[in-house]
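Heads up: the structure comes next, in structure tokens.
The values are calculated or read from the model by the stated rules, or taken from the named source; none is laboratory data. Every value quoted in this text rests on a predicted model; they were computed, and no experiment measured them. When we count neighbours, we look across all protein chains shown, and the Cβ atoms used for this are built from the backbone with ideal geometry, even at glycine. Just so you know, the surface numbers come from the protein's heavy atoms only, side chains and all, with ligands and any DNA or RNA stripped out. Shrake-Rupley method; radii C 1.70, N 1.55, O 1.52, S 1.80 Å.
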Amino acid sequence: MPSGTRNRRSAADLIPDRPTLASTGAAARNCQACDLYKHATQTVFGEGVARASLMLIGEQPGDVEDTAGRPFVGPAGKLLDRALAAAGIDRSDVYVTNVVKHFKWEPRGKRRIHKKPNASEIAACRPWLDTEIALVQPRAIVCLGATAAQALLGRQFKLTAHRGAFVPSALAPLVIATVHPSSILRAPDDESRRREMREFVADLEKVGKELN
């Protein structure tokens with residue numbers, strides 16, 4: 001066992017005996033279950049209605065979220081807000097969170113650039129997400145991006161093949177995967193961004209119709 005991990009506590013050990021979202025979020029601030037905490041500003045726990053019918057799950061907080069301590073408040077979060085509004089979904093009725101609660105990044109000049117979390121980091125963080133799902137008990141879960149989809153639906157899940165389709169899962173009555181809003185921001189031109197946004201909104205509308 002590598003030095004530095006021998007005495008590390010599992011995230012599962014930190015979850016309160018009678019968890020609430022508030023107490024679990026507070027406990028998550030002290031999580032050192034993987035090394036990501038060493039370079040992140042803070043834990044970014046989920047946020048939203050305690051019994052939200054819809055839960056959106058992304059990959060990890062970004063640079064803005066790491067600084068603010070709140071999920072989906074950066075550029076991708078603002079795009080998500082616009083997409084939810086276009087789909088007729090009120091974000092104040094939604095619970096948003098990420099598979100990984102610390103920002104993983106690499107330096108590029110003065111910027112901190114997102115770096116994809118690995119399987120061990122995702123696994124180390126999983127008890128927090130499982131507790132959030134158990135407490136919120138959403139009727140629908142939307143996985144935002146391939147990392148979230150594969151973390152929740154299995155590594156064999158292919159977003160390109162199953163995007164926008166409801167898939168059977170014990171996680172919630174309705175489970176669907178779509179792109180992460182950050183991928184829309186990375187589209188090469190305005191026309192591509194508009195097309196991707198329309199498709200993203202259509203995926204969210206499909207969930208909204210089922211919930212209504």
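Scanning the stretch 59-84 for residues being in contact with a Phe, Trp or Tyr (Cβ under 7 Å, 6 or more places away or on another chain) and either closer than 19 Å to I141 by Cβ or among the hydroxyl-bearing types (S, T, Y) (or both) gives a total of 4. Residues considered: A33, A22. Of these, the only one that is part of a loop (DSSP other than H, G, I, E, B) and either touching a residue at least 24 places away in the same chain (Cβ under 8 Å) or of a type outside the set (D, E, K, R) (or both) is A33. When the stretch 91-101 is examined, which residues are found to be without any contact (Cβ under 8 Å) to a residue 60 or more places away in the chain and either of a type in the set (D, E) or not in a helix (DSSP H, G or I) (or both)? Matches in the stretch 91-101: D93, V94, Y95, V96, T97, N98, V99.
Of all residue pairs spaced 6 or more apart or on separate chains, those with beta-carbon atoms under 8 Å, a first member in the stretch 149-161 that is over 13 Å from V99 (Cα atoms) and a second member that is open to solvent by less than 30 Å² (accessible area, probe 1.4 Å) and part of a helix (DSSP H, G or I) are F157/A149; L159/A149. Of all residues in the stretch 102-123 being more than 17 Å from G145 (Cα to Cα) and in a strand (DSSP E or B), which is least open to solvent (accessible area, probe 1.4 Å)? Filtering the stretch 102-123 for residues that are more than 17 Å from G145 (Cα to Cα) and in a strand (DSSP E or B), the one least open to solvent (accessible area, probe 1.4 Å) comes out as I113. Here A151 passes the criteria (1) within 18 Å of the chain's Cα centre (by Cα); (2) over 30 Å from S10 (Cβ atoms) except the one numbered (2).
A count restricted to the stretch 77-110 and to residues that are touching a strand residue (DSSP E or B) at 6+ places or on another chain (Cβ under 9 Å) and either over 26 Å from A134 (Cα atoms) or among the basic types (K, R) (or both) stands at 5. With respect to the conditions (1) surrounded by 13 or more Cβ atoms within 10 Å (Cβ to Cβ); (2) under 21 Å from A22 (Cβ atoms), S92 falls short on a single one, namely (1). L21 - would you say it is in contact with a Leu (Cβ under 7 Å, 6 or more places away or on another chain), of a type in the set (A, V, I, L, M, F, W, C) and modelled with pLDDT of 95 or more? So L21 fits the description; yes.
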